[in-house]
Amino acid sequence: MSAPLRVATIGVGHLGRHHARLLATLPDVTFVAAVDLVAERAQAAVAGTAAEALTDYRALFGHIDAVTIAVPTIDHLRIAKEFLDRGVHVLVEKPMAATLAEADAMLASARSSGATLAIGHTERFNPAIAAALPQLRTPRFIEVHRLSGFPERSLDIDVVFDVMIHDLDIILAVDGTGVVNVEAIGVPVLTGKVDIANARVTFASGCIANITASRISRDKIRKIRCFQPDMYVSIDAGAQELEVWRLERRGGERPAIEGGPVTIEKDEPLRLELADFIGAIRTKRQPTVDGQAGRRALELATRVAEAIDRGSKGFQRVPEGSQGFPVVPGGA
């Protein structure tokens, strides 16, 4: 495949507009169009490029080789399947689908047509995380904090599927032995869905991951700490910084702690993700985060959500679509 890949993006809201911006700059890519139900958003996304602004994604049929999809989760399967069934390569934002059944249908379409299916777990391409993953061979404990302010977007899903799923994907990449237990708690604070959650995930290896995700915090924190025999790994995903500390045993002498900050070549994770997607198509390899990886993250997120539901008996949620704070029985 020597000709530039013809690529479009569907949904150019908060995240999709960055898809459009970066696709227009990638080598060996012809950015064909930005599609959005709001014509003004589509026009803004293609400003300064030769791409078209469209309001109907069906106008792309027969004119593109690949597409990225950044629409509400409930629409992922419907749109992705129409392209996959036509053999068009697809990168769909996380979570890959609203349900596991929908994820399976998407995977089936990709298998049937042979089209590449990638899932937008952008943090896997964070340079600090990518540099840390090869170091993590036998982790015993993983502590994660991913906290941010109220987004006023992605409110069609709760914080587990919107925020925590990034780290669920990462811990699954770190420990592939299988999840044997999930405990979780979550609270709907500003919306009718869970806005802050904590999960404790136990792997067959014995490794335990403790993950906190919030979209209602004052401070923005994206940190991962990993402990394994003779090694401590600290990742600041927001700053793209990594520290690795090792216990060096010296025969007959007192062990020494060595290590420190690791030099990281900073980059925009989304750009790296899109480049990986294009590279996978060109070389006919699996993308770094393929459909199966996306499904595994969705399955674990579903287990976390189910654990939260089991533990929330007696808590009165805000009715869907309403505003304000949840009502706690007996509260003021």
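Look at (1) modelled with pLDDT under 95; (2) of a type outside the set (Phe, Trp, Tyr); (3) farther than 24 Å from ALA301 by Cα and you find that HIS14 fails only one, number (3). Looking across the stretch 142-199, the residues that are closer than 24 Å to ILE74 by Cβ and small (Gly, Ala, Ser) come down to SER148, SER154, ALA184, GLY186, GLY192, ALA197, ALA199. Quick check: anything in the stretch 64-78 part of a strand (DSSP E or B), assigned by TED's automatic domain parsing to the domain that holds HIS19, polar (S, T, N, Q) and under 24 Å from ALA3 (Cα atoms)? Looking through the stretch 64-78, at least one residue is part of a strand (DSSP E or B), assigned by TED's automatic domain parsing to the domain that holds HIS19, polar (S, T, N, Q) and under 24 Å from ALA3 (Cα atoms). Just so you know, in the stretch 250-300 the residues that are part of a loop (DSSP other than H, G, I, E, B), surrounded by fewer than 18 Cβ atoms within 10 Å (Cβ to Cβ) and among the polar types (S, T, N, Q) include one that is farthest from the chain's Cα centre (by Cα), and it is THR263. The set of residues from the stretch 209-231 being under 18 Å from GLU123 (Cβ atoms) and of a type outside the set (Ser, Thr, Tyr) comprises ALA209, ASN210, ILE211, ALA213, ARG215, LYS220, ILE221, ARG222, LYS223, ILE224, ARG225, CYS226.
One residue is enough: does the stretch 124-143 have a residue meeting the conditions buried (at least 23 other Cβ atoms within 10 Å of the Cβ) and assigned to a strand (DSSP E or B)? Yes, the stretch 124-143 has at least one match. What do you reckon, is LYS193 among the basic types (Lys, Arg), in the same structural domain as ARG140 (by TED's automatic domain parsing), closer than 28 Å to ALA118 by Cα and surrounded by fewer than 16 Cβ atoms within 10 Å (Cβ to Cβ)? For LYS193, the condition - among the basic types (Lys, Arg), in the same structural domain as ARG140 (by TED's automatic domain parsing), closer than 28 Å to ALA118 by Cα and surrounded by fewer than 16 Cβ atoms within 10 Å (Cβ to Cβ) - is not met. Across the stretch 162-192, the qualifying residues are those that are part of a helix (DSSP H, G or I) and modelled with pLDDT under 95, and the one among them that is nearest to LYS220 (Cα to Cα) is VAL163. Restricting THR212, THR177 to those that are touching a residue at least 60 places away in the same chain (Cβ under 8 Å) and in contact with a strand residue (DSSP E or B) (Cβ under 6 Å, 6 or more places away or on another chain) reduces the list to THR212. Which one of these is of a type in the set (Ser, Thr, Tyr) and under 25 Å from THR302 (Cβ atoms): THR68, THR55? The match here is THR68. Here THR68 does not fit the description of being buried (at least 17 other Cβ atoms within 10 Å of the Cβ), under 19 Å from ILE157 (Cβ atoms) and touching a Pro at 6+ places or on another chain (Cβ under 9 Å).
Only one of the numbered conditions (1) without any contact (Cβ under 8 Å) to a residue 24 or more places away in the chain; (2) touching a Lys or Arg at 6+ places or on another chain (Cβ under 7 Å) is violated by LEU172, and that is (1). Counting only residues that are in contact with a helix residue (DSSP H, G or I) (Cβ under 7 Å, 6 or more places away or on another chain) and either at pLDDT below 95 or assigned to a helix (DSSP H, G or I) (or both), the stretch 99-122 holds 10 of them. Picking from ASP175, ASP158, which residue would you name as being assigned by TED's automatic domain parsing to the domain that holds GLU241, buried (at least 19 other Cβ atoms within 10 Å of the Cβ), within 18 Å of LYS94 (Cβ to Cβ) and not hydrophobic (A, V, I, L, M, F, W, C)? That would be ASP158, the only listed residue that is assigned by TED's automatic domain parsing to the domain that holds GLU241, buried (at least 19 other Cβ atoms within 10 Å of the Cβ), within 18 Å of LYS94 (Cβ to Cβ) and not hydrophobic (A, V, I, L, M, F, W, C).
Scanning the stretch 12-65 for residues that are surrounded by fewer than 20 Cβ atoms within 10 Å (Cβ to Cβ) and hydroxyl-bearing (Ser, Thr, Tyr) returns THR25, THR30, THR49, THR55. The set of residues in the stretch 45-83 that are in contact (Cβ under 8 Å) with a residue 60 or more places away in the chain, under 14 Å from HIS19 (Cβ atoms) and among the hydroxyl-bearing types (Ser, Thr, Tyr) contains only THR68.
Only one entry in ARG21, ARG78, ARG41, ARG6 is under 16 Å from ARG271 (Cα atoms), modelled with pLDDT of 95 or more and not small (Gly, Ala, Ser), namely ARG21.
Tell me yes or no: at least one residue of the stretch 104-111 is under 17 Å from GLU273 (Cα atoms) and out of contact with any Asp or Glu (no Cβ under 6 Å at 6 or more places or on another chain). No, every residue in the stretch 104-111 fails to be under 17 Å from GLU273 (Cα atoms) and out of contact with any Asp or Glu (no Cβ under 6 Å at 6 or more places or on another chain).
The values are calculated or read from the model by the stated rules, or taken from the named source; none is laboratory data. These numbers come from a predicted model, not from an experiment. Glycine also receives a Cβ, built like all others from the backbone with ideal geometry; neighbour counts cover every protein chain displayed.
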